[in-house]
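The values are calculated or read from the model by the stated rules, or taken from the named source; none is laboratory data. Keep in mind it's a predicted model, so treat the numbers as computed, not measured. Glycine also receives a Cβ, built like all others from the backbone with ideal geometry; neighbour counts cover every protein chain displayed.
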Amino acid sequence: MPRQPLRVLISGASVAGPMVAYWLCRQGFAVTVVERMPLARVRTSGHAVDLFGPAMDVADWTGVLPAVMVALGAGAAFARPALLIAIATAIAGAAAAFYYSRAGLALTHYDARAHLVVARRILDSLMPGWQQIGAVWLPLPHVLNMLPVQIDAWYRTGASAIAISVMSMAAGAWALASLIIRRTGSVSAAIQRRNVPPQSADARRMWSSA
Ligand SMILES: Cc1cc2nc3c(=O)[nH]c(=O)nc-3n(C[C@H](O)[C@H](O)[C@H](O)COP(=O)(O)OP(=O)(O)OC[C@H]3O[C@@H](n4cnc5c(N)ncnc54)[C@H](O)[C@@H]3O)c2cc1C
C-alpha cells in the first residue's frame with residue numbers, strides 16, 4: 001500500500017508561507033496553508049517590494065523570475081545600468097586609444113600589425129580569398145575588419161581595428177553586466193564582474209536541493 005504523504009499545516013500566506021509550501025509540495029508533502037486575514041483584505045494588486053540577493057535566487061529557482069521581470073518592466077530593471085556600464089567602458093577604451101595613438105604607440109606590438117595584414121590580405125594580396133583568413137588567431141576580428149582595412153589611412157593607423165576592439169569591449173561589458181544584474185540584482189557586482197553566491201545558508205541549502 002502506498003504511503004500517505006506527510007501532512008503539513010502552514011500558518012500565514014504572505015511571503016514565506018506560500019514559498020515553504022511550494023518547496024514542501026515539490027518534496028511530496030501534503031501542504032495546507034491558512035491565513036487569518038479576511039479574504040476581502042487580501043491585496044490582489046501585488047506589493048511594492050525590492051527584490052535583491054537571495055530573493056532573486058529563490059525567484060529564479062521557483063521559475064517565477066521571468067514573470068517577475070516582465071512585471072517589473074524587465075528591460076528597465078537591468079538594461080539601463082548595463083547600458084551605462086557599456087558606455088563607460090567605451091569611453092575608457094576610446095580615451096586609451098586616443099592616448100596611445102597620440103603617443104605613436106597604437107601599433108607598437110608586432111601582433112597588432114600582423115592582425116591588420118591578415119585582415120587586408122583577404123581581399124588585397126597576390127592570391128586573395130578565404131584561405132587568407134587563416135592565421136594562428138581566431139578569424140572574427142579579421143573578417144570584421146577586412147572591408148574597413150582596405151582604406152589605406154585606416155590600415156596604416158589601425159583606426160578601424162581599434163574602433164572594432166573598443167566597440168567589442170563595450171558590447172562584452174554590456175552582455176556581462178546584463179547577465180550579472182539579471183542573476184544577482186546587484187549593479188556593483190556587475191561593475192566588479194564578480195559572481196555573488198547565495199547570501200544565506202538557507203538559500204545555499206535550497207540551491208543544492210533544487
Ligand atoms: C514597510 C516594509 C517594507 C518592506 N520592504 C521590503 C522589500 O522591499 N523587500 C523585501 O524583500 N522585504 C521587505 N520587507 C520585509 C518583508 O515584508 C518581510 O520580510 C516579509 O513580509 C516576511 O514574510 P513572512 O511571510 O515571513 O511574514 P509576514 O509577511 O509578516 O506574513 C505573516 C502572515 O501570517 C499571517 N498570520 C499571522 N498569524 C496568523 C495566524 N494565527 N493564523 C493565520 N495566519 C496568520 C499574517 O496575516 C501574514 O499574512 C518590508 C517590510 C516592511 C514592514
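Looking at (1) within 21 Å of Ile151 (Cβ to Cβ); (2) surrounded by fewer than 15 Cβ atoms within 10 Å (Cβ to Cβ), which is the only condition Ala95 fails?
With (1) within 21 Å of Ile151 (Cβ to Cβ); (2) surrounded by fewer than 15 Cβ atoms within 10 Å (Cβ to Cβ) applied to Ala95, the lone miss is (1).
If the Cβ limit is 6 Å and pairs must be 6+ apart or interchain, which residue in segment 11-34 that is on the phi < 0 side of the Ramachandran plot pairs with which residue that is part of a helix (DSSP H, G or I)?
From segment 11-34, the pairs are Val31/Ala21; Val31/Leu24; Val31/Cys25; Val33/Gly17; Val33/Ala21.
Of all residues in segment 110-156, count the ones that are under 33 Å from the mean Cα position of the chain (by Cα) and of a type outside the set (A, V, I, L, M).
Final tally of qualifying residues: 11.
Being in contact (Cβ under 8 Å) with a residue 24 or more places away in the chain, of a type in the set (A, V, I, L, M), on the phi < 0 side of the Ramachandran plot and part of a helix (DSSP H, G or I) narrows it down to one of Ala95, Ala106, Ala177, Ala114, so name that one.
Exactly one residue qualifies, and that residue is Ala177.
Tally the residues that are closer than 19 Å to Val68 by Cα, at pLDDT 80 or above and among the hydrophobic types (A, V, I, L, M, F, W, C), restricting the search to segment 22-54.
1
Here is a yes/no grid of residues against (1) over 20 Å from the mean Cα position of the chain (by Cα); (2) within 29 Å of Ile180 (Cα to Cα); (3) within 14 Å of the ligand (Cβ to nearest atom); (4) assigned by TED's automatic domain parsing to the domain that holds Thr184:
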site	(1), (2), (3), (4)
Pro5	yes, no, no, no
Ser14	yes, yes, yes, no
Val49	yes, yes, yes, no
Phe52	no, yes, yes, no
Asp60	no, yes, no, no
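Need the failing condition index for Leu138 against (1) surrounded by 13 or more Cβ atoms within 10 Å (Cβ to Cβ); (2) under 25 Å from Gly93 (Cβ atoms); (3) modelled with pLDDT under 95, just the number.
(1)
Give the number of residues within segment 98-108 that are over 18 Å from Tyr155 (Cβ atoms) and loosely packed, with under 11 Cβ neighbours inside 10 Å.
Residues flagged as over 18 Å from Tyr155 (Cβ atoms) and loosely packed, with under 11 Cβ neighbours inside 10 Å within segment 98-108 amount to 2.
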